[in-house]
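Data block below; observations after.
The values are calculated or read from the model by the stated rules, or taken from the named source; none is laboratory data. Since this is a predicted model, take the numbers as computed values, not measurements. Neighbour counts run over all protein chains shown; Cβ positions are idealised from the backbone, glycine included. What goes into the accessible areas is simple: the full protein's heavy atoms, side chains included, and nothing from ligands, DNA or RNA. Shrake-Rupley method; radii C 1.70, N 1.55, O 1.52, S 1.80 Å.
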Amino acid sequence: MKILSLDSLEKIENFLDENPEDTVLVDDFSYAVELLGLRFIDSEYELPIENVNLISSEKDENLLKNEQHNCQSIYSNFSSLTPADATDERLWSTLCFMQLSSYVKKRWPLSKRKSSKAGHIKNHYLIKNNRNMLRDNAISRLWWLGRLANICKGVEPDAAYDILLVNSDLRNNLLERTGTSSNENVLEEIFKIMKEGFDKGIEWNRPSSREFLKSINFVFGKSNLAVLDQESIGNILRPLFDKAFKPKEKRLWPFK
Amino acid sequence: MKFKHKAFPYPVLTSANSGRDDYVSSSYEYDFSVEPEDISEVESKKRSLKVIHRCTCEEVLQLISKKKACYVTLVKCKKTISNRIFKTFNDEQIIPIDLGDYFGRLEISTQIIATSNIDIFSSHDLNLEFSGCTFSFSPGDRLAIGDEIQLSCDFNKISFESLITIDLSDDLEDDEYLIKVKAYSIQVLMGKRIRTLFAQLESDKKTEPYLFMSILKDIYLHVLQAISSDEELKDSIVERTIIKQMNKFDIQISDEPNLDELNGYAQRFVSKRGVEALSARFEL
């Protein structure tokens, strides 16, 4: 498969810096290739792109279901990629601008942008850093979410997606607290405990979710939980979840 | 935060030069090697990490022999969100790794970790501050922490100099130059006269060392400063390439480097093609 070269990505970035409102890269990429003198190089990637079936819906109620479908479609069809391959900004940007551009345009329409057009294109088509690769690039984020949902041996991908897609804040916190979530056995227990709790009717809420993950980080500061067996990790994390999601007592004035 | 600056509710054994003095003379260090040695080779992705743990604290060694604590080697890669832990009760460890799992900066470190509850622990070598104290450890607590080693794994063998682009700038004075460190490249903007001089010096092997002693040294310094302070450059191609260079010279930048430290490293990077080349010519 041919992919954009690194110097071409840099040319695209420079073009966006100099022409922040120009949308030629999204509207007519073939023309942009000529205009900017972009170069393609041969890569070792052989991906069955024709089998990828991405759904983009304007309706918000289908968004989570679609996200799960799309993550699974990208991750299973691109299963030949190693994690090292999946950090290749050249691959993801090529797919965004070319083979999978119709999905990207619908899922991340320029008309709904909050930032400048250049900022929007940089966010969803290019990869500036790790955070951007995991959260924002329209295609790479699907692969990495798919991987997170599929790496824990003791948790079914469907159950993992239920947690990962419950809210973007939780997802981002899991992805960014790499000290904890990058340990597969710890992540597995986080998934299990949260799933158990939510199945029992505990409702997700941002402060409790953040408190739970923060308290895991705090424990990690003192102890390396990843060395322990699954059961011991669960025994340590479960009380942290219970405490974080315990209904908070309302404090009425005057405080005592 | 690096572990050596962290407060723990118990004494932690570290390497002799870590600056931490919970123990008076005991230390925990390790020897580390990779086979095949060149981690950036792409032909085969399989590597073996050989780690030899060296702990000199009798009391900690006893815990390991009783299997109440173990040695662990941590292989961490932020870019691929990977954090693998390899445990052993032996002081020698061979760890198979697949480079397909890692990209960019690979952080290797070792620890000695409690594997079960240790109710009463003390050592004859504890700092006087702790004299007479006993400590308890829970499973997962870190008894000892080794220094961190950083390696760089990359797709291609990109040389540092290939990332540098020299451009003429009309906005600069004739003799001025400006260095811009980006994720994919290092751009040097030059005024007219210095650009011409640069081209002249670069074209002749005899004069090239002067460039290494001046502008190239400045470029290295700027890049070292940028990667020490700019979060946006973390795991960028420029950072990965300079880390390879640092590994060659066995250099680890401190947590809060000052200008003198970075300047010293920059001088070492260019020494061979700068001062050494000129010294040889003048038979110094």
(request) Filter region B:176-219 down to the residues that are open to solvent by less than 40 Å² (accessible area, probe 1.4 Å) and among the small types (G, A, S), then identify the one that is farthest from the other protein chains (Cβ to nearest Cβ). (result) B:G191
(request) Go through region B:136-151 and give me each residue that's part of a strand (DSSP E or B) and among the acidic types (D, E). (result) B:D141
(request) Select from region B:240-274 the residues that are surrounded by fewer than 16 Cβ atoms within 10 Å (Cβ to Cβ) and among the aliphatic types (A, V, I, L, M) and list them in ascending order. (result) B:L259
(message) Exactly one condition in (1) of a type outside the set (D, E, K, R); (2) more than 29 Å from the chain's Cα centre (by Cα); (3) part of a strand (DSSP E or B); (4) more than 13 Å from B:A69 (Cα to Cα) is false for B:C133; which is it?
(response) (3)
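Checking the condition part of a strand (DSSP E or B) and either in contact with a Leu (Cβ under 8 Å, 6 or more places away or on another chain) or of a type in the set (D, E) (or both), which residue from B:I120, B:I97 passes? Break it down stepwise before answering.
Values: B:I120 fails: either in contact with a Leu (Cβ under 8 Å, 6 or more places away or on another chain) or of a type in the set (D, E) (or both).
Answer to the check: B:I97.
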(request) Of the numbered conditions (1) touching a His at 6+ places or on another chain (Cβ under 8 Å); (2) more than 14 Å from chain A (Cβ to nearest Cβ), B:I94 fails exactly one; give the number of that condition. (result) (1)
(message) Take the conditions in contact with a Pro (Cβ under 7 Å, 6 or more places away or on another chain), at pLDDT 85 or above and surrounded by 13 or more Cβ atoms within 10 Å (Cβ to Cβ) and apply them to B:T80. Does it pass?
(response) yes
(request) Could you tell me which residue of region A:16-55 is surrounded by the most Cβ atoms within 10 Å (Cβ to Cβ), considering only residues that are within 14 Å of another protein chain (Cβ to nearest Cβ) and part of a helix (DSSP H, G or I)? (result) A:L16
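Can we say B:L233 is closer than 26 Å to B:A183 by Cα and at pLDDT 85 or above? Break it down into steps so the answer makes sense when it comes.
Values: closer than 26 Å to B:A183 by Cα: yes; at pLDDT 85 or above: no.
So B:L233 does not fit the description; no.
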(message) Need the failing condition index for A:E58 against (1) away from every other protein chain (no Cβ under 14 Å); (2) modelled with pLDDT of 90 or more, just the number.
(response) (2)
(message) Conditions first: (1) closer than 22 Å to A:N132 by Cα; (2) within 12 Å of chain B (Cβ to nearest Cβ); (3) open to solvent by 60 Å² or more (accessible area, probe 1.4 Å). A:T87 passes all but one, so which condition is the exception?
(response) (3)
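Conditions (1) open to solvent by 30 Å² or more (accessible area, probe 1.4 Å); (2) within 14 Å of chain B (Cβ to nearest Cβ), marked per residue:
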{"residue": "A:R141", "(1), (2)": "no, yes"}
{"residue": "A:G146", "(1), (2)": "no, yes"}
{"residue": "A:N167", "(1), (2)": "yes, no"}
{"residue": "A:E176", "(1), (2)": "yes, yes"}
{"residue": "A:N185", "(1), (2)": "yes, yes"}
{"residue": "A:F198", "(1), (2)": "yes, no"}
{"residue": "A:L213", "(1), (2)": "no, no"}
{"residue": "A:D229", "(1), (2)": "yes, yes"}
(request) Kindly establish whether A:L95 is modelled with pLDDT of 95 or more, touching a strand residue (DSSP E or B) at 6+ places or on another chain (Cβ under 9 Å) and not in a loop (DSSP other than H, G, I, E, B). (result) yes
(request) Looking for whichever is away from every other protein chain (no Cβ under 12 Å) and more than 20 Å from B:Y28 (Cα to Cα) here; the options are B:F121, B:F160, B:F130, B:F135. Which one fits? (result) B:F160
